[in-house]
Amino acid sequence: VFQEMRTRECRFINGTEKVRFTRRYIYNRKQYIMFDSDMGMFVGDSPCGETQARCCNGIPEILEDNRAAVDT
């Protein structure tokens, strides 16, 4: 049985002054790619994830949507 999971989290830092948004992609209980609003880009945690992160970082619309998610 294979499982794929996607999670989104917003964490408030310093009360409500700063928000940190993370989006994680998990396959078979192992995270392979993550977006962090502090860095503003996707980061791969495995060789396959690094390839997907490069692909996602090359598409400006995806990056803009994820960066704007912090404000919403």
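The values are calculated or read from the model by the stated rules, or taken from the named source; none is laboratory data. All of these numbers come straight from a predicted model, not from anything done at the bench. With ideal geometry, Cβ positions are generated from the backbone for all residues, glycine too; neighbour counts draw on all protein chains shown. Heavy atoms of the whole protein, side chains included, go into the accessibility calculation; ligands, DNA and RNA do not. Shrake-Rupley method; radii C 1.70, N 1.55, O 1.52, S 1.80 Å.
Looking at Val43, is it surrounded by fewer than 16 Cβ atoms within 10 Å (Cβ to Cβ) and either at pLDDT 95 or above or closer than 29 Å to Val1 by Cβ (or both)? Here the answer is yes, as Val43 does meet what is asked. Residue-level check: of (1) open to solvent by less than 60 Å² (accessible area, probe 1.4 Å); (2) more than 22 Å from Glu4 (Cα to Cα); (3) touching a strand residue (DSSP E or B) at 6+ places or on another chain (Cβ under 8 Å), Asp38 misses just (1).
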